[in-house]
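Enquirer: One structure is given below, represented as structure tokens, and several questions about it will come after.
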Amino acid sequence: MFLPEPKISSGLPRIKIVGIGGAGVHIVSEISKRELPVSLIVMDSSSATLDEAGQLQSVRLGPKTSRGLGCGASIEAGAQAAHASRSEIAAVVEGAELLLLVAGLGGGVGSGGISVVAEVAMQMNIPTICFVTKPFRFEGLKRTTIANAVLADLERETQGVLCIEHDKLQANFPKNISLVDAMRVGSQHLQQVIEQLLHVVQVNSLINIDFADILSLFRTHGKFAMGVVDSAGSTDIKALVRQAIHHPLTTLATHYSATGILVFAEAGEDFDLDNLSLATEFIDEISSEDTQVILGVHSIAGSHPLRITVLATGIKPVASSPATHSLPTLRR
């Protein structure tokens, strides 16, 4: 399903971020500490979880079915609670020009609730993208199966899904990392990606990226990937861009193509134009002639290390490494 052309308000876009279930509520609560110009909403069937979110706008899902006690690990109970609160969900997401849904998959409310919230938003023609985590393998086959099924539904029904796999933590972080620290890493990465996406939209840049640009990249379905990397003295710009998109926690096929790509560079006034050219060369590896490419540059007064943000939408695996194409014409 493709959405009609969205109506864009003047000034800052109306973006709403909804945390669903325990993990989603926790991440949105952390985002609230940054005082960003967005609306933050938390949803859960557990009154205790919502109480921990403080003064954030909240929706208690299924107050009659769950009685504020949660849904355990039952995706059916989580979906039932969300369905029972469809009118409340619609009321809080109404008016959003972009909806960001955040949840941990595999359990009850996160898995059962996010699909219902996404369905309500799509019926209201609100562009919706999702940020989710998959459970550790040791949490059991059932939770993994649930997570995979919900992930597949979200990839079909929303504009995009960014998924963090907790199992990849074990392969990419110290072996003695504690469970609490491991889960914190995944949550912090999701939080950073969400905050950087908002930053890209809202900062007034030398080569600007506006809200309509972001929406145009998400006029598709499937996975998307996003990463941020700082130069930290490195001069290998192409390597930095590749690191940004291939974060160790992000789920990507070995070979893939993307329908939309954004490269956003932030640096001091002495940023070399040749470096910008090198940064965009990575686009060749995942582009076709039909790929939409958007470039943004934010110049910061004085000397400032290079920061690269890369966003790839509409990611599809390909049978083999994509053929080399000439660099698509950059917008702006």
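Enquirer: Out of region 79-91, which residues are of a type in the set (A, V, I, L, M, F, W, C) and either at pLDDT below 95 or under 21 Å from Val150 (Cβ atoms) (or both)?
Expert: Of everything in region 79-91, those that are of a type in the set (A, V, I, L, M, F, W, C) and either at pLDDT below 95 or under 21 Å from Val150 (Cβ atoms) (or both) turn out to be Ala79, Ala81, Ala82, Ala84, Ile89, Ala90.
Enquirer: Going by the structure shown, is Thr145 crowded, with 17+ Cβ neighbours inside 10 Å and polar (S, T, N, Q)?
Expert: no
Enquirer: Also: So which residues in region 98-136 are closer than 22 Å to Val38 by Cα, part of a loop (DSSP other than H, G, I, E, B) and either in contact with a Leu (Cβ under 7 Å, 6 or more places away or on another chain) or touching a residue at least 40 places away in the same chain (Cβ under 8 Å) (or both)?
Expert: Asn125, Ile126, Pro127
Enquirer: Looking only at region 153-169, which residues are assigned to a helix (DSSP H, G or I) and either in contact with a strand residue (DSSP E or B) (Cβ under 7 Å, 6 or more places away or on another chain) or under 22 Å from His26 (Cα atoms) (or both)?
Expert: Leu154, Glu155, Asp167, Lys168, Leu169
Conditions (1) closer than 20 Å to Arg60 by Cα; (2) of a type in the set (D, E, K, R); (3) buried (at least 22 other Cβ atoms within 10 Å of the Cβ), marked per residue:
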residue: Ala91; (1), (2), (3): yes, no, no
residue: Glu97; (1), (2), (3): no, yes, no
residue: Ser115; (1), (2), (3): yes, no, yes
residue: Arg137; (1), (2), (3): no, yes, no
residue: Glu157; (1), (2), (3): no, yes, no
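Enquirer: What about Val193, is it buried (at least 17 other Cβ atoms within 10 Å of the Cβ), touching a helix residue (DSSP H, G or I) at 6+ places or on another chain (Cβ under 6 Å) and part of a helix (DSSP H, G or I)?
Expert: no
Enquirer: Look at region 296-327 and say how many of its residues are in contact with a Leu (Cβ under 6 Å, 6 or more places away or on another chain), among the aliphatic types (A, V, I, L, M) and at pLDDT 85 or above.
Expert: Selection size over region 296-327: 1.
Enquirer: Exactly one condition in (1) touching a helix residue (DSSP H, G or I) at 6+ places or on another chain (Cβ under 8 Å); (2) part of a helix (DSSP H, G or I); (3) surrounded by fewer than 22 Cβ atoms within 10 Å (Cβ to Cβ) is not met by Val150; state its number.
Expert: (3)
The values are calculated or read from the model by the stated rules, or taken from the named source; none is laboratory data. From a predicted model like this one, the values you see are computed outputs, not experimental measurements. Cβ coordinates were reconstructed from backbone atoms using ideal geometry, including for glycine residues, and neighbour counts include every protein chain displayed.
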